Amino acid sequence: DAGVTQSPTHLIKTRGQHVTLRCSPISGHKSVSWYQQVLGQGPQFIFQYYEKEERGRGNFPDRFSARQFPNYSSELNVNALLLGDSALYLCASIVSGRANVLTFGAGSRLTVL
Amino acid sequence: AQKITQTQPGMFVQEKEAVTLDCTYDTSDPSYGLFWYKQPSSGEMIFLIYQGSYDQQNATEGRYSLNFQKARKSANLVISASQLGDSAMYFCAMREVAQGGKLIFGQGTELSVKP
């Protein structure tokens, strides 16, 4: 089974532009979470979606939005990009079980110039 | 408020030796889970080990063990018999049971294994 897949792996944008990042969870997993990891820091929670509904939102401005599709894949959208949005964006799906472990994709590395 | 603290920005260990990475946490919720992840330079977060707040015994997964001291609110990761491939960033994380997919991560510890 494929793990969590994310695209694109790398991208460069300029300030003020918009970006869309995509994530496909592990097959059959209905929950997707998004995290932002700025260089030198731990990941920070942005959103969680379950069955196409938002189940949690971190402390991020309204420029950040997301959605989940019927096939459980997800998109993270960021509008009006700032230099500070440069980061690794990680997507995770939850492996159901005692620990409900989050399994992460390899991430999308965004550079804003 | 939930908080994870990792006070060691960087650690060095000799190959085949054991190393302990420190993690303290803060939460007012009695039900929570603690996780350790490894992040190589490639960027992917790799799950290592989990400890539930009600677990009576310390978790172990192969060469990884978690030294859980609930009263001290610490959840240190012990890696035995270090290997060169263990060189990476290590993150401690916590989730309150009701929070679903939301993990709170620490700042991380960069481990370097020397031959």
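Pairs meeting the criteria (first residue in the stretch B:42-55 and assigned to a loop (DSSP other than H, G, I, E, B), second residue of a type in the set (Lys, Arg), beta carbons under 8 Å, at least 6 apart or on different chains) are B:Gly43/A:Arg109; B:Met45/B:Lys38; B:Ser53/B:Lys70.
Quick one: is A:Leu110 under 17 Å from B:Glu44 (Cβ atoms) and not in a loop (DSSP other than H, G, I, E, B)? Explain how you work it out, then say what you get.
On the way: under 17 Å from B:Glu44 (Cβ atoms): yes; not in a loop (DSSP other than H, G, I, E, B): yes.
Judged against the criteria, A:Leu110 is a match.
Against the condition over 10 Å from the mean Cα position of the chain (by Cα), hydrophobic (A, V, I, L, M, F, W, C) and away from every other protein chain (no Cβ under 14 Å), how does B:Ala18 come out, does it pass? Yes; evaluated as a whole, the condition is true for this residue. When A:Leu83 is tested against the conditions (1) of a type outside the set (Phe, Trp, Tyr); (2) within 13 Å of the chain's Cα centre (by Cα); (3) farther than 26 Å from B:Leu34 by Cβ; (4) surrounded by fewer than 21 Cβ atoms within 10 Å (Cβ to Cβ), the lone failure is (2). Within the stretch A:24-35, residues that are within 13 Å of A:Lys52 (Cβ to Cβ) have Cβ atoms under 9 Å from residues that are among the basic types (Lys, Arg) in these pairs: A:Lys30/A:Lys52; A:Ser31/A:Arg55, counting only partners at least 6 apart in sequence or on another chain. Looking only at the stretch B:96-112, filter to residues that are out of contact with any Lys or Arg (no Cβ under 9 Å at 6 or more places or on another chain) and in a loop (DSSP other than H, G, I, E, B); which one of those is most open to solvent (accessible area, probe 1.4 Å)? The extreme case among them is B:Gln107.
The values are calculated or read from the model by the stated rules, or taken from the named source; none is laboratory data. Source: prediction; values computed, not measured. All Cβ positions, even for glycine, are placed from backbone atoms using ideal geometry, and neighbour counts span all protein chains on display. Remember, those area values only see protein heavy atoms, side chains included, never the ligands or the DNA or RNA. Shrake-Rupley method; radii C 1.70, N 1.55, O 1.52, S 1.80 Å.
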